[in-house]
1. Under a Cβ-Cβ cut-off of 11 Å, what is the net charge of the residues other than residue 125 that fall near it, where Lys and Arg count +1 and Asp and Glu count -1?
2. Given 0.36 nm per residue, what is the gain on full extension from residue 41 to residue 25 after removing their alpha carbon distance, in nm?
3. In whole Hz, what ³J(HN,Hα) sequence does the stretch 49-66 give by Karplus (6.51, -1.76, 1.60; θ = phi - 60°), x for Gly and Pro?
4. Once the other residues with Cβ under 13 Å from the Cβ of residue 143 are scored (Lys, Arg +1; Asp, Glu -1), what is the net sum?
Amino acid sequence: MHSSIKKIDNRKQKGSVLLVALVLVLVSALLGVSAMQSSRLESQLTNNVRFEQTTFRTAEAAAESLLTTDNIFFLANNLDDTVSSIQSIESAVNVEAHFELLGVAPAIGYSLGGSNGFQNINFKATSVATIKSVNSAKKIIVGVKRLAVADI
């Protein structure tokens with residue numbers, strides 16, 4: 001009996017499987033490199049957002065701490081002084097904060113106290129927080145009015 005199974009001639013293959021395997025390995029490597037670059041970019045974006053939020057929160061906290069009741073009363077009584085001593089919680093963040101008098105004006109509608117009445121004292125707190133290593137900076141300006149008895 002003669003067998004109907006044909007023998008495969010190995011000489012005709014000539015490495016085509018090897019070539020296909022190498023192409024698949026190359027495509028897989030390119031996909032891996034692309035995924036790593038995408039992951040690195042996402043990590044950088046996440047860090048940038050974190051640094052931006054850190055500088056914003058630090059600047060806002062510095063401006064708000066200048067607007068405490070003690071500082072407002074101090075400046076209302078010492079109109080030529082400026083408070084600028086704020087320390088950052090995070091060591092990488094540099095903070096500069098200034099509290100300045102914008103002006104004093106009569107308070108309209110408050111006539112108690114005779115002819116002197118009341119006055120509005122206008123202040124501005126400015127704070128700048130920076131992280132120099134990543135070139136991130138935020139500036140916050142907050143204003144406040146204080147109603148006070150006018151000087152006699």
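Throughout, read-outs are computed from the coordinates displayed, never taken from laboratory work. Remember, predicted model here, so these are calculated numbers, not experimental data. Heads up, the Cβs are rebuilt from the backbone with ideal geometry, glycines too, and the neighbour counts pull from every protein chain shown.
1. On the way: positive: 124; negative: 60, 64, 100.
Spelling it out: positives minus negatives among the neighbours equals -2.
2. 3.3 nm
3. Coupling constants for the stretch 49-66: 5, 5, 5, 5, 5, 5, 5, 5, 4, 5, 5, 5, 5, 5, 5, 5, 5, 6 Hz.
4. Residues near residue 143 contribute +1 overall.
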